[in-house]
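The values are calculated or read from the model by the stated rules, or taken from the named source; none is laboratory data. Small disclaimer: the values here were computed from a predicted structure and weren't measured. FYI the Cβ positions are ideal-geometry reconstructions off the backbone, even for glycines, and counts take in every protein chain you see. These accessible areas exclude ligands, DNA and RNA; they are computed on the full protein's heavy atoms, side chains included. Shrake-Rupley method; radii C 1.70, N 1.55, O 1.52, S 1.80 Å.
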Amino acid sequence: MVKAEAVHKSFGAAHILKGVDLEVAPREVFCLIGPSGSGKSTFLRCINHLEQINAGRLWVDGELVGYRQRGDRLHELKDREVAAKRRDIGMVFQRFNLFPHMTALENVMEGPVQVKRESKAVARERARTLLDRVGLGEKAGNYPSQLSGGQQQRVAIARALAMEPKLMLFDEPTSALDPELVGDVLDVMRGLAEDGMTMIVVTHEMGFAREVGDALVFMDDGVVVESGHPRDVLGNPQHERTKSFLSKVL
Ligand code: ADP
Ligand code: MG
C-alpha cells in the first residue's frame with residue numbers, strides 16, 4: 001500500500017527526512033513512533049500529497065508518486081490527479097478540525113456531498129451508519145462545541161471514513177485528549193483494524209501499538225532506526241536510540 005525507498009525531504013536548508021525506507025502492506029496496522037521533530041508528520045504529509053519529496057521513491061496504493069532517481073522519468077502529478085489521490089486517503093490529526101458551524105452528521109456528510117457530488121440522502125444514510133459505528137449515533141445533531149474532545153475525534157474518524165478511503169493516516173490522534181477519553185478513540189481504531197483497514201498510526205500509545213499493531217517503526221532524526229513486530233521492538237529493542245526513547249515513554 002505504501003513503499004518508501006530512500007525518501008528525502010527538506011524545508012529550505014532543513015533536512016528533515018534523510019532517507020526513509022519502509023513498507024506498509026494492505027490491511028496492516030503500521031505504527032510509527034519516535035521523538036518530537038523526528039519527521040513523522042512530515043512523512044505522513046508526503047504520503048498524503050501535502051508535501052512533495054525531494055529525493056528517493058515513494059509508492060502509494062501501487063503508484064509511484066514522487067521520485068528523483070537518475071534515469072527515471074520525472075513523475076509530477078497534476079493538481080487534479082493529486083486531488084483524486086487524496087480522496088482515497090483519510091487523515092486524522094491531533095486536533096479534530098471539525099467544521100464548528102455544522103452538526104456531527106453534517107460534518108460527516110460534507111466530503112461526499114461536496115467532493116464526490118453524492119446525493120444528500122445517500123450521504124446522510126452513510127453518515128448515520130458511520131456515527132453509529134463510532135458510538136455517536138445519539139449525538140448526530142450535536143455541534144462540535146457540544147461534544148467532548150474524544151467524541152469530536154470520533155466524528156473526525158467517521159468523517160474520514162465517509163470518503164471510503166483505502167488508507168487511513170492517524171497523526172497522534174489521542175495526544176490532545178484527556179486521558180479518560182483516549183480509550184474510546186482507540187477502541188474505534190481497533191475496530192477499524194479488525195475490519196481490515198490499512199492504517200498508519202503515529203502514536204505514543206504503546207499499549208495500542210503492542211496489541212493492535214502488525215508492524216512498528218521507530219524513527220529518529222529523519223531515518224528509520226529500527227522496525228519489526230511491535231512486540232519485538234517494544235519488548236527487545238536493539239538500538240541505543242530506541243532503548244533511550246522507550247525508557248522515556250513506556
Ligand atoms: P514529528 O511529527 O516527528 O514531531 P515533524 O515532521 O512535524 O516531526 O517535524 C520535523 C521537523 O520538520 C521539525 O523540526 C519541524 O520544525 C520541521 N518542519 C515541519 N514542517 C515544516 C515546514 N512546512 N517548514 C519548515 N519546517 C518544517
Ligand atoms: Mg508530528
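Using 0.36 nm times the number of residues separating Leu64 and Ser175, minus their current alpha carbon distance, what extension gain do you get?
36.8 nm
Given a cut-off of under 8 Å on Cα pairs at least six residues apart, what relative contact order in percent is computed for region 1-121? Could you put the intermediate results ahead of the total?
On the way: 142 pairs, mean separation 24.1, N = 121.
Value for region 1-121: 20 percent.
What are the extents of the Cα atoms of the chain along their three principal axes, in Å, largest first?
Answer, in whole Å and largest first: 50, 44, 32 Å.
Among the listed pairs Lys3/Lys243; Lys40/Lys243; Lys85/Lys166; Lys18/Lys40; Lys9/Lys40; Lys78/Lys116, give every one whose C-alpha distance is greater than 21 Å.
Lys3/Lys243
Leaving out ligands, DNA and RNA, and with a 1.4 Å probe, what % of the accessible surface on the chain is carbon or sulfur?
Its accessible area is 45 percent carbon and sulfur atoms.
Taking the alpha-carbon centroid of each part, what is the distance from region 125-195 to region 4-54 in angstrom?
25
As a test of the formula, what do you get for the chain when each DSSP H run with n ≥ 4 contributes -39,500 (n - 2.57) and the sum is divided by the residue count, at 222 nm and rounded to the nearest 500 deg cm²/dmol? Don't jump to the answer; show the numbers that get you there.
On the way: 9 runs with 94 residues, N = 250.
Roughly -11000 deg cm²/dmol at 222 nm, from the helical runs in the chain.
Rolling a 1.4 angstrom probe over the protein heavy atoms, how many square angstrom per residue are accessible across region 166-250?
Averaged over the residues of region 166-250, the accessible area is 43 Å².
How high is the relative contact order of the chain? Use alpha-carbon pairs under 8 Å, at least six apart in sequence, and give a whole percent. Write down the numbers at each step before the final one.
On the way: 467 pairs, mean separation 64.4, N = 250.
Here the relative contact order equals 26 percent.
Counting trypsin sites (Lys or Arg not before Pro) as exposed when in a DSSP loop with at most 10 other beta carbons within 10 Å, what is the longest stretch of the chain free of them? It would help to have the intermediate numbers written out before the result.
Details: sites that count: Arg70, Arg73, Lys78, Arg117.
With a cap of 10 other Cβ atoms within 10 Å, the longest stretch comes to 118-250.
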